[in-house]
Structures are given as structure tokens and as C-alpha cells.
Amino acid sequence: MGGLFVETEEARDEDVTIRLDFLVQEGQIRAEAVVRHVQPGRGLGLKFTALTEKDGPRLMALMTRLRSSPQFPANPK
């Protein structure tokens, strides 16, 4: 649970800190992350740097739900 990949066409420089805000079934999730990998035109690999105590369990619940969804394969290529 150290980070995630966000699909976006918007480019960012590596090592830039960004703020993430999600509003999902599990509730609002706020986090800070640093850009670790950039795939131009495809997306960003982000590493979490700050997550509140209440947002951590919500993020875990979201990831558990997404992993069990048939839309997201267990072993993406």
C-alpha cells in the first residue's frame, strides 16, 4: 500500500509532490504523494508520503474492493 498508478494524459515532473482527493463508496480519502515514475501520455506512478489515520483504513477498503472487482485483473500485464 505504498502508492498507486494514476492514468492521466497530464504530465508531471518526477519528485513533485501532489495532493490526492478521492470521494468513493468508502468515504473521502485525502493523501499526499510524490511522483516516482512518469509514462508520458499514459500516467503517473505515485508514492504516498502522507495519509491520515482515518483515511488509511478507507484506502485499504477501497483497494480490497477494487481487487475483488472483475473489471480489474489480479495480475495485470
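Quick notes
- Candidates in the stretch 51-77 are the residues that are surrounded by 13 or more Cβ atoms within 10 Å (Cβ to Cβ) and among the small types (Gly, Ala, Ser); of these, the one that is modelled with the lowest pLDDT is Gly56.
- Residues of the stretch 39-63 that are aliphatic (A, V, I, L, M) and in contact with an Asp or Glu (Cβ under 6 Å, 6 or more places away or on another chain): Ala50, Ala61, Leu62.
- Cross-chain or 6+ apart pairs with Cβ under 7 Å, the stretch 1-28 first and within 13 Å of Thr49 (Cβ to Cβ) and modelled with pLDDT of 95 or more, then assigned to a strand (DSSP E or B) and of a type in the set (Ser, Thr, Tyr): Thr17/Thr49
The values are calculated or read from the model by the stated rules, or taken from the named source; none is laboratory data. Please read these numbers as outputs of a predicted model, since none were measured by experiment. Cβ: placed from backbone, ideal geometry, glycine included. Neighbour counts: every protein chain shown.
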